[in-house]
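A quick write-up on the structure given underneath.
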Amino acid sequence: MNISQIIDLENFSDIDMKKIAGYRKEDGFELIVEIEKLHLGFKIKGYLKGYVDEVEVFKFKRPDKLLVNNWQSWGPSKVIQKDFQLNFPKELIQKFGFSASIMPESYFDNLLSDYYVASDRFFVGCLSSKVAHPYFQIDGDEVSVKLKYFGMNFNEWNETETIVILLDKPEVTLPYYADLVAKENVVNISDKRLIGWSSWYQYFVDFDYEKMCADLENARGKGYDVFQIDDAWEVDIGDWTPNNKFPSLEKVAAKIKEYGYIPGIWLAPFSVSETSTLFMEHPDWLVKDGNGNPKVAYENWNKKIYALDTTVPRAVDWLTSLFEHLKDCGFEYFKIDFLFAAAIQGKRFENVTPVQAYTQGLNTIRQAVGDSFVLGCGAPLLPSVGYVDGMRIGPDTAPYWDANGPDIGHPNAYYALRNALTRWYINGIWWWNDPDCLMLRKVDTQLSDVQRELYTLVSLLLDNMIIQSDNLSYEIDDGLWNVVSEYRKYGKRKVLLSGIMSGQYNITSCGVHGCDLLSITDLEKCVFTYSKDSGDIKLKKTIEIQDDGRRFNYYNEND
Amino acid sequence: MMERRYNVLTDEWVMISAFTQQRPTNPTTTCPLCVGGDEFSRPYDLASFDNRFPSMKVDAPNVESENSLYKKARSNGKCEVVVYTVDHNSAMSLMPIHQIEKLIKMWTDRYLELSLQPTIKYVFIFENRGAEVGATLSHPHGQLYAFPFLPKRIEAKVQSLAKYYDEHGRCAICDVVENEVSIRERLVYENESFVALVPFYARWPYEVHVYPKRHVSSLVELNNSERNLLSKVLKVVTMKYDLLFQQSFPYMMMLFQSPVNDVRYEHAFHFHIEFNPVKRDKNKIKWMASVETGTWAFINPKLPEEAAAELRSVEVII
Ligand SMILES: [Zn+2]
Ligand SMILES: [Zn+2]
């Protein structure tokens with residue numbers, strides 16, 4: 001398929017839009033494109049019939065600078081210039097290809113952006129990813145807008161995902177787009193914007209019940225909502241029962257509850273390791289290759305990891321009872337990881353796209369846990385909208401800051417924070433962004449004081465989730481924790497970030513006490529200025545519930 | 001009975017709020033907002049509390065539509081009484097600026113806290129002052145309605161402002177402010193960050209709008225020094241009103257902030273406050289009668305430029 005029309009979005013004219021509308025007959029399928037006026041721009045809707053692998057909806061002229069986005073939590077979201085080249089180490093493609101892209105067959109040889117792109121003057125993005133995977137192929141001076149259907153056959157006319165073109169600066173278009181997506185996917189965001197503790201960035205897999213109890217004891221008075229045990233407790237990936245380092249899950253959850261926290265647990269529900277009992281007993285529950293053999297989704301823990309086929313009825317039952325059981329044990333916060341595994345290409349029980357398989361899996365978990373808090377990680381972003389309460393929006397953080405490391409989703413505090421900035425606008429709209437854990441310890445870390453401070457300030461000013469990951473018996477930066485507590489006493493904040501295209505980020509973050517400013521002139525070197533708008537009035541709120549159930553909010557100065 | 005009903009003639013929601021028990025006409029002469037009255041047993045500074053007779057409640061009963069013609073929905077919003085001060089005999093015009101500044105902070109916190117509820121779509125903060133606009137209590141207070149839907153006039157404002165933005169690439173109120181500050185004939189008061197003016201399009205004889213000079217979509221985005229300057233504007237406008245006819249001046253004061261749980265219009269929606277006073281003269285009332293109510297078309301008997309000149313010439317010292 002070849003569309004000769006290339007729209008120039010920087011010198012936009014309405015007539016260009018009419019050129020891409022109408023009926024087309026392509027190889028194997030028919031397509032009708034409809035254009036609708038929308039505040040700030042246009043909505044593009046398509047209707048498809050026939051056998052479709054992928055659809056090119058239109059092309060536009062590539063601007064000098066483009067904000068590109070990877071499909072997954074860990075993947076980079078950043079601004080690229082025309083000379084940008086993907087630099088993904090060849091030896092890692094085999095291990096992490098499906099993590100880097102839902103279409104690794106073309107990802108490594110092309111320049112792709114998933115879901116949307118933005119420039120100083122315009123934005124193009126897709127409002128959903130329910131069946132197709134929307135992406136942008138950047139080729140020389142052109143950008144092609146595509147919907148990948150992975151070889152689906154539509155016997156009847158089928159509505160495509162909706163694409164929008166918005167003509168304004170990114171401070172305006174990015175939050176506006178986020179809201180359009182939320183409305184398209186009927187998001188009812190949780191009012192639980194949590195503070196918590198996680199074991200991962202202190203202990204990694206070297207964590208046990210005794211350490212958990214010690215940190216629970218040391219956490220008294222910290223004001224956490226949730227206390228979450230990370231990867232370390234399970235027998236194997238796929239065998240989600242406690243290993244010999246932990247007592248029963250009921251006991252673990254009860255212990256955490258004793259301290260007044262919501263018990264939280266980590267698992268990778270769509271991942272099945274080659275050494276697991278699940279793998280031995282149910283190879284029929286796994287996504288397969290063309291020869292009918294289980295397909296490796298990725299390699300980690302020095303093991304091959306396979307993907308659960310979320311369309312196999314008995315696998316769905318297993319997934320449901322797994323989460324129902326965890327909930328029965330007392331857990332109400334689920335950090336679900338390596339979620340991309342459910343979206344790898346391959347043969348499944350049902351004839352669905354990888355995107356559909358993924359959302360079916362996520363929906364199964366959501367149904368099983370009810371209104372418990374679900375934090376997604378390693379997850380395809382757009383298909384997760386409406387299913388999770390929180391989402392990791394960057395790579396793993398790390399006790400080090402390496403601005404020269406590879407930008408491919410590897411653990412690194414620098415890239416984790418960069419993504420928190422470049423994906424700021426979806427926070428509080430699609431879900432609560434998790435910029436990943438704060439490490440506030442002064443020992444057992446390579447992070448400098450200023451790196452720790454900037455990480456904390458960005459997380460707070462962007463109004464993200466706050467999860468601390470420290471051995472609390474270590475020397476902790478208490479001053480910084482006090483800043484956290486102070487910020488979190490009062491409700492939601494209104495945030496605006498400008499400078500995303502230049503990389504000089506200016507955050508205006510407003511709350512009841514005023515508008516604080518954080519200006520980052522050089523993220524690599526951690527150069528920033530922070531000004532807190534304190535004002536003269538310190539108003540304290542106390543809440544009283546009367547006998548008739550009515551709530552009284554008292555506001556007093558001083559006391 | 002507490003529910004919302006949909007009007008197919010006007011595409012608007014009506015809140016039905018009929019209590020089986022009559023609202024008590026105050027049994028005593030004690031003010032319920034004074035310490036020792038029905039609502040407060042001990043001293044306070046400022047407070048916002050759930051209305052005893054709300055037309056919306058967070059836990060409003062579930063309702064089912066009778067059919068597609070008669071649609072119903074839950075009235076799952078919130079109605080709060082917003083008490084400005086413990087001092088019964090005060091008023092916005094009499095309160096210290098410091099107290100108004102605290103009130104602005106309380107309003108900001110209410111807006112932010114209520115916006116955490118995903119079901120809330122609009123937080124409307126207002127004050128009815130004087131018997132002429134139906135206020136039954138003279139204790140300085142306002143109210144707040146957190147709506148689970150976008151009320152009709154708010155929707156009209158959002159749509160017009162968005163349309164202007166699409167046509168001009170700018171916020172309409174930013175343009176109005178720039179224009180009014182340069183021509184000055186409709187200005188009532190101005191400081192570094194705000195203008196108070198009788199708008200070109202005033203519907204009421206002494207209508208005054210307060211616009212921040214900088215584009216913000218809500219109180220939240222004002223910094224502390226701007227909140228201080230806003231408290232001065234509120235003080236000046238209400239003082240001028242009281243001095244205009246040398247009487248406690250009845251008005252409806254309404255805060256228009258951008259919708260909550262929806263950031264789509266923040267660049268186009270410019271936060272503003274409207275004062276809609278009902279007096280056309282010392283002893284004359286401008287009623288919201290058939291034309292205004294039935295058609296939403298207003299006839300303003302007062303030239304806005306003249307009203308502005310009169311209000312401008314009322315001298316106040318703050
Ligand atoms: Zn009173
Ligand atoms: Zn404006």
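The values are calculated or read from the model by the stated rules, or taken from the named source; none is laboratory data. Keep in mind that this is a model prediction, so the values were computed, not measured. Positions of Cβ are backbone-derived with ideal geometry, glycine not excepted, and every protein chain shown enters the neighbour counts. To get the accessible areas, we keep the full protein, side chains included, count just its heavy atoms, and leave off ligands, DNA and RNA. Shrake-Rupley method; radii C 1.70, N 1.55, O 1.52, S 1.80 Å.
Shown here: region A:129-257, whose C-alpha atoms stretch 57, 37, 33 Å along the first, second and third principal axes, sorted largest to smallest. Here is the list for region B:221-318: chymotrypsin sites (Phe, Trp or Tyr not before Pro) lying in DSSP coil, each with at most 12 other C-beta atoms within 10 angstrom of its C-beta, are B:Trp287, B:Trp296. Taking all protein chains together and a 1.4 Å probe, the residues A:His513, A:His133 rank A:His513, A:His133 from largest to smallest accessible area. The mean sequence separation of alpha-carbon pairs under 8 Å and at least six residues apart, normalised by the residue count of region A:1-129, gives a relative contact order of 21 percent. Could you list the residues of region A:433-470 with an amide nitrogen less than 16 Å from a label point located 7 Å from the Cα of A:Phe204 in the Cα-to-C-beta direction? Label zone hits: A:444-447, A:470.
Test of the criteria: in region B:1-103, which GluC sites (Glu not before Pro) are in a DSSP loop and have at most 11 other Cβ atoms within 10 angstrom of their Cβ? Spell out each step's value before the answer.
On the way: sites: B:Glu3, B:Glu12, B:Glu39, B:Glu64, B:Glu66, B:Glu80, B:Glu101; in loops: B:Glu39, B:Glu64, B:Glu66.
Those satisfying the criteria are B:Glu64, B:Glu66.
Relative to the Cα centre, the charge distribution of region A:505-555, modelled as +1 at Lys and Arg Cβ and -1 at Asp and Glu Cβ, gives a dipole magnitude of about 100 debye. Separation of the alpha carbons by more than 24 angstrom is noted, of A:Lys532/B:Lys105; A:Lys25/A:Lys65; A:Lys45/B:Lys72; A:Lys25/A:Lys146; A:Lys192/A:Lys494, for A:Lys25/A:Lys65; A:Lys45/B:Lys72. Ranked from largest, the principal axis spans of the Cα set of region B:116-221 equal 41, 33, 25 Å.
Looking at region A:142-245, which chymotrypsin sites (Phe, Trp or Tyr not before Pro) are in a loop (DSSP not H, G, I, E or B) and have at most 16 other Cβ atoms within 10 Å?
Working: sites: A:Tyr149, A:Phe150, A:Phe154, A:Trp157, A:Tyr176, A:Tyr177, A:Trp197, A:Trp200, A:Tyr201, A:Tyr203, A:Phe204, A:Phe207, A:Tyr209, A:Tyr224, A:Phe227, A:Trp233, A:Trp240; in loops: A:Phe204, A:Phe207, A:Tyr224, A:Trp233.
Here the chymotrypsin sites (Phe, Trp or Tyr not before Pro) that fit, given the DSSP loop and packing criteria, are A:Phe204.
Projecting the Cα atoms of A:Leu167, A:Val57, A:Phe154 onto the dipole axis of region A:9-184, where Lys and Arg carry +1 and Asp and Glu carry -1 at the beta carbon, places A:Leu167 farthest toward the positive end. Convex hull volume of the Cα atoms of region A:195-492, normalised per residue: 128 Å³. Counting Lys and Arg as +1 and Asp and Glu as -1 over every other residue whose Cβ lies under 15 Å from the Cβ of B:Asp262, the net charge comes to +2.
So, R0 is 25 Å and r is the distance between the beta-carbons of A:Lys65 and B:Ser160; what FRET efficiency does that work out to, to 0.05? Plugging the Cβ-Cβ distance into 1/(1 + (r/R0)^6) gives 0.15. Each listed q (0.20 Å⁻¹) maps to a log10 I(q)/I(0) for region A:9-184, found by the Debye formula over equal Cα scatterers with no solvent: -1.49. Taking a Cβ cut-off of under 15 Å around A:Asn69, the surrounding Lys, Arg, Asp and Glu residues balance to a net charge of +4, with basic ones at +1 and acidic ones at -1. Counting only cysteine Cβ atoms and a cutoff under 4.7 Å, chain B contains unmatched residues B:Cys79. Looking at the calculated P(r) for region A:418-534, what percent of the C-alpha pair distances fall above 16 Å? Tail of the P(r) past 16 Å holds 59 percent of the pairs.
When only C-alpha pairs under 8 Å and at least 6 residues apart count, what is the relative contact order of region B:194-318, in percent?
Relative contact order for region B:194-318 comes out at 38 percent.
Taking only alpha carbon atoms, region A:357-468 gives an Rg to Rh ratio of 1.01, where Rh is the Kirkwood radius.
Placing one equal scatterer on every Cα of region B:2-313 and applying the Debye formula, the log10 ratio I(q)/I(0) at q = 0.15 Å⁻¹ is -1.42.
Look at the dipole of chain A built from charges on Cβ: of A:Val117, A:Pro263, A:Ala403, the Cα furthest out on the positive end belongs to A:Val117. To put it simply, the accessible area of the protein assembly as shown at a 1.4 Å probe is 49 percent carbon and sulfur.
Of all DSSP bridge pairs formed entirely within region A:195-492, close to 35 percent run antiparallel. When chains A and B come together, the accessible area they lose, probed at 1.4 Å and totalled over both chains, is close to 3900 Å². As an equivalent ellipsoid, chain A spans semi-axes of 37, 31, 22 angstrom, where each value is the square root of five times an eigenvalue of the C-alpha gyration tensor, largest first. Rounded to the nearest 20, the size of the Cβ-charge dipole of region A:9-184 about its Cα centre is 180 debye, with Lys and Arg at +1 and Asp and Glu at -1.
May I ask which of A:Lys49/A:Lys347; A:Lys541/B:Lys235; A:Lys540/B:Lys235; B:Lys57/B:Lys286; A:Lys255/A:Lys541 have a Cα-Cα span longer than 29 Å here?
Too far apart for the 29 Å limit: B:Lys57/B:Lys286; A:Lys255/A:Lys541.
Taking chain A as a whole, the Cys residues whose C-beta sits 4.7 Å or farther from every other Cys C-beta are A:Cys126, A:Cys213, A:Cys329, A:Cys377, A:Cys437, A:Cys526. Per-residue Karplus couplings for region A:395-408, computed as 6.51 cos²θ - 1.76 cosθ + 1.60 with θ equal to phi - 60°, are listed in order as x, 4, 6, 7, x, 8, 10, 10, 6, 9, x, x, 8, 10 Hz, Gly and Pro entered as x.
Report the equivalent ellipsoid semi-axes for region A:230-282 in whole Å, largest first, defined as the square roots of five times the eigenvalues of the gyration tensor built from alpha carbon atoms.
On the way: eigenvalues 124, 24, 12 Å².
Three semi-axes, in Å: 25, 11, 8.
Only the Cβ atoms of Lys and Arg (+1) and of Asp and Glu (-1) were treated as charged; on that basis the dipole of the protein assembly as shown about its Cα centre amounts to roughly 2180 debye.
Could you give the length gained by full extension between A:Thr521 and A:Asp536, i.e. 0.36 nm per residue of separation minus their alpha carbon distance, to one decimal place? Before the final figure, lay out the partial values.
Working: separation 15, 0.36 × 15 = 5.40 nm, distance 2.93 nm.
That pair, A:Thr521 and A:Asp536, stretches by 2.5 nm at full extension.
Solvent exposure of chain A, expressed per residue, is 37 Å² of accessible area, with all protein chains present and a 1.4 angstrom probe.
Put +1 on the Cβ of each Lys and Arg and -1 on the Cβ of each Asp and Glu in region A:209-283; which of A:Gln228, A:Thr277, A:Gly238 then has its Cα farthest toward the positive end of the dipole? Most positive-ward Cα: A:Gln228.
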